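Notes follow the structure.
The values are calculated or read from the model by the stated rules, or taken from the named source; none is laboratory data. This one's a predicted model, so the numbers in the text were calculated from it and none came from an experiment. As a convention, Cβ positions derive from the backbone with ideal geometry for all residues, glycine included, and neighbour counts pool all protein chains shown.
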Amino acid sequence: MLPVYNPIEHVPAPPPMPTLTVTPKGVLYLHASIKEALGLRDGLPINLVPPVFNSYYWHLDLRPTAKHRIVWYDTTRMRARGIILPPGLVHESLTLHLHTLTPEYPNYYPLLPANAFASQSPAPSLAA
(Lines give C-alpha, C1' and ligand atoms only; values in the text may rest on other atoms or scores of the structure.)
Protein backbone atom coordinates (compact mmCIF):
# COMPACT_ATOMS: atom_id res chain seq x y z
CA MET A 1 0.00 0.00 0.00
CA LEU A 2 1.27 3.46 -0.89
CA PRO A 3 1.68 6.14 1.79
CA VAL A 4 -0.88 8.93 1.95
CA TYR A 5 0.01 11.86 -0.32
CA ASN A 6 0.94 14.99 1.62
CA PRO A 7 1.29 18.05 -0.67
CA ILE A 8 3.32 19.95 1.95
CA GLU A 9 6.11 17.41 1.56
CA HIS A 10 6.31 18.21 -2.16
CA VAL A 11 6.61 21.99 -2.01
CA PRO A 12 9.66 23.09 -3.99
CA ALA A 13 12.53 24.53 -2.00
CA PRO A 14 12.64 28.33 -1.80
CA PRO A 15 15.30 30.17 -3.79
CA PRO A 16 18.66 30.48 -2.08
CA MET A 17 18.86 33.23 0.50
CA PRO A 18 21.38 36.02 -0.08
CA THR A 19 24.55 35.12 1.80
CA LEU A 20 28.09 36.13 2.61
CA THR A 21 30.98 34.29 4.22
CA VAL A 22 33.33 35.67 6.88
CA THR A 23 36.71 34.07 7.62
CA PRO A 24 38.52 34.04 10.98
CA LYS A 25 40.93 36.63 9.55
CA GLY A 26 38.10 39.11 8.97
CA VAL A 27 37.66 38.75 5.21
CA LEU A 28 34.09 38.96 3.85
CA TYR A 29 33.27 37.12 0.64
CA LEU A 30 30.04 38.46 -0.84
CA HIS A 31 28.11 35.79 -2.75
CA ALA A 32 26.37 36.74 -6.00
CA SER A 33 22.94 36.40 -4.35
CA ILE A 34 23.60 39.15 -1.78
CA LYS A 35 25.33 41.32 -4.38
CA GLU A 36 22.21 41.21 -6.54
CA ALA A 37 19.70 41.55 -3.68
CA LEU A 38 21.35 44.67 -2.25
CA GLY A 39 22.83 46.14 -5.44
CA LEU A 40 26.38 46.01 -4.08
CA ARG A 41 29.22 47.35 -6.21
CA ASP A 42 32.93 48.04 -6.04
CA GLY A 43 33.93 50.87 -3.69
CA LEU A 44 30.81 50.92 -1.50
CA PRO A 45 31.39 51.30 2.26
CA ILE A 46 30.87 48.11 4.26
CA ASN A 47 31.39 46.66 7.72
CA LEU A 48 30.31 43.52 9.55
CA VAL A 49 29.08 44.02 13.12
CA PRO A 50 29.27 40.91 15.34
CA PRO A 51 26.30 39.97 17.53
CA VAL A 52 25.91 41.72 20.85
CA PHE A 53 25.51 39.81 24.11
CA ASN A 54 22.63 37.31 24.07
CA SER A 55 21.79 37.79 20.37
CA TYR A 56 22.23 35.64 17.27
CA TYR A 57 22.05 38.54 14.83
CA TRP A 58 25.07 39.89 13.02
CA HIS A 59 24.63 43.11 11.01
CA LEU A 60 25.88 44.15 7.60
CA ASP A 61 26.61 47.87 7.80
CA LEU A 62 26.37 49.60 4.41
CA ARG A 63 26.02 53.12 5.81
CA PRO A 64 28.37 55.83 4.46
CA THR A 65 30.26 55.78 7.78
CA ALA A 66 31.28 52.10 7.44
CA LYS A 67 35.06 51.67 7.79
CA HIS A 68 35.85 49.34 4.88
CA ARG A 69 35.23 49.22 1.12
CA ILE A 70 34.00 46.49 -1.19
CA VAL A 71 36.64 45.42 -3.72
CA TRP A 72 36.79 42.90 -6.55
CA TYR A 73 38.65 39.67 -5.82
CA ASP A 74 40.03 37.58 -8.71
CA THR A 75 37.75 39.48 -11.17
CA THR A 76 34.76 37.28 -10.37
CA ARG A 77 33.88 37.82 -6.71
CA MET A 78 33.56 40.75 -4.34
CA ARG A 79 35.03 40.93 -0.88
CA ALA A 80 35.98 43.26 1.97
CA ARG A 81 39.09 42.87 4.12
CA GLY A 82 40.20 44.06 7.54
CA ILE A 83 36.93 43.44 9.38
CA ILE A 84 37.72 43.45 13.11
CA LEU A 85 36.24 40.47 14.97
CA PRO A 86 36.53 39.69 18.69
CA PRO A 87 39.18 36.98 19.31
CA GLY A 88 37.75 33.47 19.14
CA LEU A 89 34.36 34.51 17.71
CA VAL A 90 34.92 32.84 14.31
CA HIS A 91 37.06 29.68 14.28
CA GLU A 92 36.31 28.62 10.71
CA SER A 93 34.58 30.26 7.76
CA LEU A 94 31.03 31.23 8.74
CA THR A 95 28.15 31.65 6.29
CA LEU A 96 25.63 34.36 7.16
CA HIS A 97 22.19 34.75 5.56
CA LEU A 98 20.48 38.07 4.92
CA HIS A 99 17.43 38.10 7.19
CA THR A 100 15.38 40.81 5.44
CA LEU A 101 15.60 43.28 2.56
CA THR A 102 13.81 45.95 4.61
CA PRO A 103 15.95 46.61 7.68
CA GLU A 104 14.72 48.50 10.72
CA TYR A 105 17.53 51.03 10.22
CA PRO A 106 18.50 52.10 6.67
CA ASN A 107 21.53 50.24 5.28
CA TYR A 108 22.00 48.19 8.48
CA TYR A 109 20.93 44.66 7.53
CA PRO A 110 20.44 41.83 10.05
CA LEU A 111 22.15 38.53 9.24
CA LEU A 112 21.78 35.10 10.79
CA PRO A 113 24.33 32.25 10.74
CA ALA A 114 23.44 29.34 8.47
CA ASN A 115 23.30 26.95 11.44
CA ALA A 116 20.41 29.01 12.90
CA PHE A 117 18.24 27.65 10.07
CA ALA A 118 19.47 24.05 10.24
CA SER A 119 16.66 22.85 12.50
CA GLN A 120 13.87 24.66 10.64
CA SER A 121 11.82 22.92 7.97
CA PRO A 122 10.96 24.02 5.38
CA ALA A 123 13.75 26.53 4.82
CA PRO A 124 12.75 30.15 5.50
CA SER A 125 12.14 32.48 2.60
CA LEU A 126 13.50 36.00 2.38
CA ALA A 127 10.92 38.57 3.51
CA ALA A 128 10.82 41.54 1.18
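Odds and ends about this structure:
- Any hit, segment 106-118, residues being at pLDDT 90 or above, over 12 Å from the mean Cα position of the chain (by Cα) and loosely packed, with under 14 Cβ neighbours inside 10 Å: yes
- Options THR100, THR76: the member that is loosely packed, with under 12 Cβ neighbours inside 10 Å and of a type in the set (S, T, N, Q): THR76
- Unmet criterion (only one of (1) modelled with pLDDT of 95 or more; (2) loosely packed, with under 10 Cβ neighbours inside 10 Å; (3) under 16 Å from THR19 (Cα atoms)) for PRO64: (3)
- PRO51 being within 20 Å of TYR105 (Cα to Cα) and either out of contact with any Lys or Arg (no Cβ under 8 Å at 6 or more places or on another chain) or among the hydroxyl-bearing types (Ser, Thr, Tyr) (or both): yes
- Restricting the first member to segment 98-114 and to residues that are free of Cβ contacts under 8 Å to residues at least 24 places away in the same chain, and the second to residues that are outside any strand (DSSP E or B), the beta-carbon pairs closer than 9 Å and six or more apart or on different chains are TYR105/ARG63.
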